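Taking it in order: structure first as structure tokens, then the write-up.
The values are calculated or read from the model by the stated rules, or taken from the named source; none is laboratory data. All figures in this text were calculated on a predicted structure; none of them were measured in a lab. When we count neighbours, we look across all protein chains shown, and the Cβ atoms used for this are built from the backbone with ideal geometry, even at glycine. Surface accessibility is based on the protein's heavy atoms, side chains included, excluding ligands, DNA and RNA. Shrake-Rupley method; radii C 1.70, N 1.55, O 1.52, S 1.80 Å.
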Amino acid sequence: MPDSPGTARPSSAPERLLLAARAAAPSYREVGATRGTRLPEGYTHLRRRVHLGHGPQVLARAGRFVLGWGCQLGTGFAVYPYAPVEEGATVLLRLALPGIRWPRLVIPCRVVWTVDEPDRIGFAYGTLPGHPERGEEAFTVSMDAAGEVWFEVSAFARLASWYARLGRPVSTLCQYLAIERYLASVVEAAATGAAAEATAEAVGHGSGTG
């Protein structure tokens, strides 16, 4: 059927893939389950947490990084289309390999929940058809009652595609390495921001009159 008058056709493969992903339903039933403390049965579970520092400034700095797709970008993924995280948004994740404009492996995901509270910032995305896994992954920065700030990745997933199942040990290793890089990227962002703020404060004090 031809397009109706005034309807523009997608001009590139990424746009066509994105339109298809936006029209698709999540490839698993337990949408939003990472919001709670108990993950659903029938999946491989993963939880990893790392300490970032102390105080609201660390929370805010790390939260901005996470909501800007910093974990994914810092791990070598490109996010299409790029925009700060928003609940309901559909994106395509792809490996940003040098010299390859649009690699064959494209990972469609949908943001299923977000949180931006005084003591907790983060989001989760779930898989869509075409993703090599089925499940959900959450990225959360939180501050406890003592003011200590933590970053946690939690996920439940099972392999979906034939090539992921065929290479199960490799797929599992890749997931583990990605999680470790997520954690490292947030730690680095928090530390870099703290160093920049300390430098700015020192310069400000140094420029004052004695």
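Quick look at the numbers
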| quantity | calculated |
| --- | --- |
| Within the stretch 72-93, considering residues that are farther than 14 Å from Leu128 by Cβ and among the polar types (S, T, N, Q), the one least open to solvent (accessible area, probe 1.4 Å) | Gln72 |
| The stretch 52-78, residues that are in contact with a strand residue (DSSP E or B) (Cβ under 7 Å, 6 or more places away or on another chain) and polar (S, T, N, Q) | Gln72 |
| Flag for Val66 being part of a strand (DSSP E or B), at pLDDT 95 or above and closer than 18 Å to Ala155 by Cα | no |
| Single unsatisfied condition, Thr34 versus (1) touching a helix residue (DSSP H, G or I) at 6+ places or on another chain (Cβ under 9 Å); (2) modelled with pLDDT of 95 or more; (3) of a type in the set (Ser, Thr, Tyr) | (1) |
| Scope the stretch 118-128; condition surrounded by fewer than 21 Cβ atoms within 10 Å (Cβ to Cβ) and closer than 14 Å to Val66 by Cα; matching residues | Arg120 |
| Selection count, the stretch 74-90, where residues are out of contact with any Ser or Thr (no Cβ under 6 Å at 6 or more places or on another chain), outside any loop (DSSP other than H, G, I, E, B) and in contact (Cβ under 8 Å) with a residue 40 or more places away in the chain | 2 |
| Trp69 vs. criteria free of Cβ contacts under 8 Å to residues at least 60 places away in the same chain and open to solvent by less than 70 Å² (accessible area, probe 1.4 Å) | yes |
